[in-house]
1. From (1) free of Cβ contacts under 8 Å to residues at least 12 places away in the same chain; (2) buried (at least 18 other Cβ atoms within 10 Å of the Cβ), pick out the condition that doesn't hold for B:VAL95.
2. So which residues in the range A:215-240 are modelled with pLDDT under 85 and among the basic types (Lys, Arg), if there are any at all?
3. So if I check each of A:ASP109, A:ASP138, A:ASP132, which one is facing chain B (nearest Cβ under 10 Å), farther than 16 Å from A:LEU25 by Cα, free of Cβ contacts under 8 Å to residues at least 12 places away in the same chain and loosely packed, with under 13 Cβ neighbours inside 10 Å?
4. Could you figure out which of (1) surrounded by fewer than 23 Cβ atoms within 10 Å (Cβ to Cβ); (2) among the polar types (S, T, N, Q); (3) more than 26 Å from A:SER83 (Cα to Cα) isn't true of B:GLN212?
5. Determine whether B:GLY233 is on the phi > 0 side of the Ramachandran plot and touching a strand residue (DSSP E or B) at 6+ places or on another chain (Cβ under 9 Å).
6. Of all the residues that make up the range A:243-263, how many are at pLDDT 85 or above and assigned to a strand (DSSP E or B)?
7. Being in contact (Cβ under 8 Å) with a residue 24 or more places away in the chain and under 27 Å from B:GLU139 (Cα atoms) is true for just one of A:LEU75, A:LEU90, A:LEU40, A:LEU25. Which residue is that?
8. Mind telling me which of the residues B:ASP181, B:ASP216 ends up being at pLDDT below 95 and within 13 Å of chain A (Cβ to nearest Cβ)?
Amino acid sequence: MSDAFATNVHEDLEDLYETAPCGYLSVTADGVIAKCNQTLLTWTGRSRDELIGARFSTLLSIGSRIYNETHLAPLLRMQGHVSEVALDILSHGGIKLPMLANAAEKRSDDGKLLFTRFTLLEASDRRRYEHDLIAARDNAVERARSGKALEAAISTELEDERATATLRDQFIAVLGHDLRNPLAAIESGLHLLRKEELGSRGERVVELMEGSIRRAARLIDDVMDLARIRLGGGIGIHRSRRASIGPTLRQVVNEMQAISPTSAITLDAPPALEIECDPARIGQLLSNLLGNAITHGAPGYPIRVSAGIDAGEFVLTVTNSGDPIPEQTMRHLFQPFFRGAARPSQQGLGLGLHIASEIAKAHGGVITASSAESATTFRFAMPL
Amino acid sequence: MSVLSRNHVQVSGSGTRAMVFAHGFGCDQNMWRFVAPAFEADFRVIAFDHVGAGRSDLAAFDPGKYANLQGYADDLVEIGEALGVHHGVFVGHSVSAMIGLLASLKAPDMFDALVMVGPSPRYIDDDGYRGGFSESQIEELLEFLADNHLGWSAAMAPAIMGNADRPELAEELTNSFCRTDPEIARHFARATFTSDNRDDLRKVAARTLILQCSEDVIAPPEVGAFCHAAMPGSELVTLKATGHCPNLSAPDEVVAAIRAFV
């Protein structure tokens, strides 16, 4: 080791103190700044004259000043040193400079406190990072708290909603049932009137009233079915082991043809077709599909019904001409109360297709719809 | 949990008259480690940690109860009752000076003499009153407290707090004297620095000694003078010591002043 090297080390000590990459500060037992290095002066933009002799507390932000008195000073007295303490040092212009401080007491041989020495490190990024962490934790706690509250609120709301829905379905069921009685009374009244001598005008009125009664009865049947689906978990069916379905289909086609004379309805079905099903419900299913075809099909064009056995399935299709069903509409076709772009006079409750699909479901089958430029087809298939 | 373990109450000394030491905001009963032993020959010396500080039972910290100083004063009365303190001496540092004052109003027979070290009945300036701080400065302090968590780690807390009977475990940890759950520290700071007990000063019946430091940013001399004027019959002694903690920085001076008073 050469003398030159040793001399250099010795010379550097003063420079190291002054320009070290950290601030040095010595404070007397009375809290007065006795010495500090150039780095700290540079950081704070203060002059040496300004700092030396000033109270250490004047260099601190108000939060740090109180913290120094309540925590830092007592700790230093009790354990002689403190490390990793956050302090805000005030610059010449009063700007807070976030720092991390280590401090240690320097005592004389007889234990008298001479100085408290501080090493200060710039810690803007670190302190900002810590703030972010604390904010993130507070956010997480807050979110967890509000999440739980929201969950509880939603669950309560959902329960209320369910209870309301059940009540509504029960109300519909009771209303439908009770509407049937007065409707039946009106119908018997009309039967009596039919037997009287009526003028041509009277005949016409009675006819219109009979049509209205049929429509009202159908609406009631539909809402009753809906209530049954909702409350009973599905539409009720009474299966017959070998039901001759042909005559039922024929009868429905004839009835619908009578209501809608403008579109010719054709039926293509083998004469002796026996399947296990609830024939009344299958008739209702066809009636609803036909009602839909009449409402939405192009007026004047034929509606084709075909029924038969195909690959172990009973298949019933209803095809009409007209504008294709938009993609958007397709997805909602079988939902209750869904009504496509029908002309206002044709709007019903929007239950026909829903009930038809529920009847299909109750038979273990399914209704699918396909729509193209030329034709729209609803296809009911049930395994046998 | 009994009151004595809730507040980690320590009793020492061979005297009959009780002298109760209460620490202020910041650290724990160790604040009195250089002062309390001086009175063990003549007094029954009682020291304790406020709930939330030192080795008190953190589970007992109830934000509602400790939202103001009365909650802490109620604890002090319970400790005094549990230990049968009558006509004793109370020594309170910083905010505990007011806590002791409130306790003496609630239980007038408990203390004949109050020693207030660096007391302040109100820290925030008010119309015609100078406490030393503005409201926004106190808010700044509360915010700043979140930046320091000396020796505090949520993961370590249960081990430390749950082992009050094994002090060596806690002592190993640097900064343990001032270790506080940051949330609790903020709460105590708010209760402390927003308190206003100016009207309570004149109700004091016990003899009172005010120990005022010559340089104290938390309780400046004019606040000590205010207390002295508001409590007729009180004694005011200005210490040579500077700072807010003469019990640590100048224990001999504090001991001498208390001894002269009692």
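The values are calculated or read from the model by the stated rules, or taken from the named source; none is laboratory data. As the structure is a prediction and not an experimental result, all values here were calculated from the model. So basically every Cβ, Gly included, is an ideal-geometry build from the backbone, and we count neighbours across all protein chains shown.
1. (1)
2. Across the range A:215-240, the qualifying residues are A:ARG215, A:ARG218, A:ARG228, A:ARG230.
3. Details: A:ASP109 fails: facing chain B (nearest Cβ under 10 Å); A:ASP132 fails: facing chain B (nearest Cβ under 10 Å).
Just one listed residue meets the conditions, A:ASP138.
4. (1)
5. Yes; evaluated as a whole, the condition is true for this residue.
6. Number satisfying all stated conditions: 1.
7. Going through A:LEU75, A:LEU90, A:LEU40, A:LEU25 in turn, just one is in contact (Cβ under 8 Å) with a residue 24 or more places away in the chain and under 27 Å from B:GLU139 (Cα atoms): A:LEU90.
8. Details: B:ASP181 fails: within 13 Å of chain A (Cβ to nearest Cβ).
Exactly one residue qualifies, and that residue is B:ASP216.
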